[in-house]
1. Can you pull out every residue in region 196-212 that is over 16 Å from the mean Cα position of the chain (by Cα) and either touching a residue at least 40 places away in the same chain (Cβ under 8 Å) or outside any loop (DSSP other than H, G, I, E, B) (or both)?
2. With the requirement that a residue be of a type in the set (Ser, Thr, Tyr), under 21 Å from GLU185 (Cβ atoms) and open to solvent by less than 40 Å² (accessible area, probe 1.4 Å), what does region 199-221 give you?
3. Give all pairs with beta carbons closer than 6 Å in which a residue from region 9-29 that is under 16 Å from PHE186 (Cβ atoms) meets a residue that is of a type in the set (S, T, N, Q) and surrounded by 21 or more Cβ atoms within 10 Å (Cβ to Cβ); count only pairs at least 6 apart in sequence or on separate chains.
4. Quick one: how many residues across region 115-132 are modelled with pLDDT of 95 or more, closer than 20 Å to LEU18 by Cα and surrounded by fewer than 20 Cβ atoms within 10 Å (Cβ to Cβ)?
5. How many of the residues making up region 7-51 are buried (at least 19 other Cβ atoms within 10 Å of the Cβ) and not in a loop (DSSP other than H, G, I, E, B)?
6. Does GLY37 qualify as being in contact (Cβ under 8 Å) with a residue 24 or more places away in the chain and within 24 Å of VAL160 (Cα to Cα)?
7. Show the residue pairs meeting these rules: Cβ distance below 7 Å; 6+ apart or different chains; first residue within region 111-136 and within 21 Å of ASN14 (Cβ to Cβ); second residue among the acidic types (Asp, Glu).
8. What is the number of the single condition among (1) closer than 19 Å to TYR226 by Cβ; (2) open to solvent by less than 20 Å² (accessible area, probe 1.4 Å) that PRO85 does not meet?
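The values are calculated or read from the model by the stated rules, or taken from the named source; none is laboratory data. Being a predicted model, the structure only gives us computed values, none of them experimental. Neighbour counts run over all protein chains shown; Cβ positions are idealised from the backbone, glycine included. Just so you know, the surface numbers come from the protein's heavy atoms only, side chains and all, with ligands and any DNA or RNA stripped out. Shrake-Rupley method; radii C 1.70, N 1.55, O 1.52, S 1.80 Å.
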Amino acid sequence: MSESSLAAPQLVINSRMLYSSWIPADPQAAAALLPKGLQPAANRAIYMNQYVVDSEDQTSSFGAYSLTYLGLDLAGRTAPDGVTPSRFFTHYFNSSEKVRAYVRERGVPASAGTTTLELNGGELVATTRVDGTPIIRTVARVGAKISSVARGHLTYVTLVNGKLVAGNYPYVGELASPFELVSLEFLAKDHPVYALRPSSPLQKVEGWCWYAPRDSFVYPGGEYEYKQ
């Protein structure tokens, strides 16, 4: 039996999700987090996903949890759409040890942390905490209308026993409109994640900043060797 004892794949539905992407203040420090064999995308973009799964009824076996994960867009291979860059996990802060055990088996650098998404009126505040201390805070303005549905696959790359592997993560998300990413703060200069902090002024990557009050996806079980 595996460490996590959970079958693959795992399904999550109707999470509350804030996805953002930006150009880092220090592209060299960010690129230094990549393992040998991987190169950052030409624009040096960073991605981040902050989301909350409020109820165990929204998952096949994970249970309720919150998560912030982030890392770098990669040069070379893309997701199945042929356009979206593959992405590498550098940090993964999850509130559930059950989920952390599952993803560690697949090379994800999972550690403990919590994420909250607080929507007051039209202001959304997402806060990532480690040991109770806020390390990332994102503020956005969001509307109540669903303007479109995003769907497809994202490809995330991990390092397993010294080998690069990738998994395709299918997703369907209802995107809120209007939407504006207002600010993105990295609050802990002494934490390794600070290497991914955004430039000032904030340079957002178009198309990858959005809020979905209902986003569903699958953690893959059929990973494959990643080759450039």
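1. Initially, region 196-212 is screened for residues over 16 Å from the mean Cα position of the chain (by Cα), giving 199-203, 206.
Hits for region 196-212 are SER199, SER200, LEU202, GLN203.
2. Listed by number, the residues that qualify are SER199, TYR211.
3. Short answer, once both residue conditions are applied: LEU18/GLN50.
4. Counting residues in region 115-132 that are modelled with pLDDT of 95 or more, closer than 20 Å to LEU18 by Cα and surrounded by fewer than 20 Cβ atoms within 10 Å (Cβ to Cβ) gives 9.
5. Final tally of qualifying residues: 19.
6. It is true that GLY37 is in contact (Cβ under 8 Å) with a residue 24 or more places away in the chain and within 24 Å of VAL160 (Cα to Cα).
7. From residues that are within 21 Å of ASN14 (Cβ to Cβ), the pairs are VAL125/GLU118.
8. (2)
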